Each structure stands twice: as structure tokens, then as C-alpha cells.
Amino acid sequence: MIFITAKFRIRPEYADDWPRIAADFTAATRAEPGCLWFDWSRSVDDPTEYVLVEAFRDDEAGAAHVQSEHFRTAQRTLPRIWPRRPGSSTRRCRRRTGRSWAR
């Protein structure tokens with residue numbers, strides 16, 4: 001399983017609309033066969049920051065995600081919503097585990 005968390009800072013004028021802006025990308029990713037979850041949360045401390053928690057079944061599912069058309073489209077279109085300061089937009093943590101999610 002591949003488990004990823006990412007923090008995205010959104011330009012203030014778009015922050016309230018982020019769930020709608022990212023809706024197509026979110027739905028397409030959730031529909032991928034290897035996607036286990038793809039969930040957004042908004043920071044309670046910073047209304048311009050969203051946290052993405054995502055997991056994929058394995059390396060192949062992760063590769064399929066980053067090679068998908070909706071991922072490439074998001075890479076082209078969504079950065080306009082992020083602040084222009086270098087290093088201020090995203091922070092990520094990626095971890096591969098040898099097991100599935102325990103309940």
C-alpha cells in the first residue's frame with residue numbers, strides 16, 4: 001500500500017471554492033481501481049490550507065494514478081489556484097507499507 005499525505009495552500013480568493021474546483025479530479029481519482037481513499041480536509045488553523053490523505057493499493061496503482069489523464073490535467077490547471085511564492089504551495093509525505101490498512 002502507498003500512503004500519502006499532502007498539504008496544499010490555496011490562494012485566499014479560491015479557498016472556499018477548493019472542494020468544487022478539485023471535484024472532478026477527486027472523483028476521477030476515487031474511481032481508479034487501485035485507489036483505496038482520496039480525502040480532503042481543511043485546516044482548522046489556516047483556512048487557506050487543505051490536507052489530502054490518499055492511499056493506493058500498490059506501486060502499480062500509484063503509477064497508474066500519476067500517469068492518468070486526470071492527474072496530468074490537474075498538474076496543468078490546479079497550480080493557478082496555489083500561491084506564487086516558491087515552496088509555499090505543497091508539502092508531501094509518501095510512505096510505502098508492506099500491509100493493508102488495519103481496522
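Cβ-Cβ distances below 6 Å connect the following pairs, each with a first residue in the range 43-55 that is under 17 Å from Pro83 (Cβ atoms), a second residue that is among the acidic types (Asp, Glu) and at pLDDT 90 or above, and a separation of six or more residues or different chains: Ser43/Glu49. Scanning the range 48-82 for residues that are assigned to a loop (DSSP other than H, G, I, E, B), modelled with pLDDT of 90 or more and within 16 Å of Tyr14 (Cβ to Cβ) turns up just one, Thr48. Restricted to the range 1-22, and to residues there that are within 11 Å of the chain's Cα centre (by Cα) and of a type in the set (A, V, I, L, M), the residue that is most open to solvent (accessible area, probe 1.4 Å) is Ile4.
When the range 8-28 is filtered for residues that are in contact with a Leu (Cβ under 8 Å, 6 or more places away or on another chain) and assigned to a strand (DSSP E or B), only Phe8 remains.
Pro33 meets each of the listed conditions (1) assigned to a helix (DSSP H, G or I); (2) in contact with a helix residue (DSSP H, G or I) (Cβ under 8 Å, 6 or more places away or on another chain); (3) at pLDDT 90 or above; (4) not charged (D, E, K, R) apart from (1). Just one of the numbered conditions (1) modelled with pLDDT of 95 or more; (2) part of a loop (DSSP other than H, G, I, E, B) is not true of Arg85: (1).
Could you please let me know if Asp45 is in a loop (DSSP other than H, G, I, E, B) and out of contact with any Pro (no Cβ under 6 Å at 6 or more places or on another chain)? It is true that Asp45 is in a loop (DSSP other than H, G, I, E, B) and out of contact with any Pro (no Cβ under 6 Å at 6 or more places or on another chain).
The values are calculated or read from the model by the stated rules, or taken from the named source; none is laboratory data. These numbers come from a predicted model, not from an experiment. All Cβ positions, even for glycine, are placed from backbone atoms using ideal geometry, and neighbour counts span all protein chains on display. Keep in mind that these areas ignore ligands, DNA and RNA; they rest on the heavy atoms of the full protein, side chains included. Shrake-Rupley method; radii C 1.70, N 1.55, O 1.52, S 1.80 Å.
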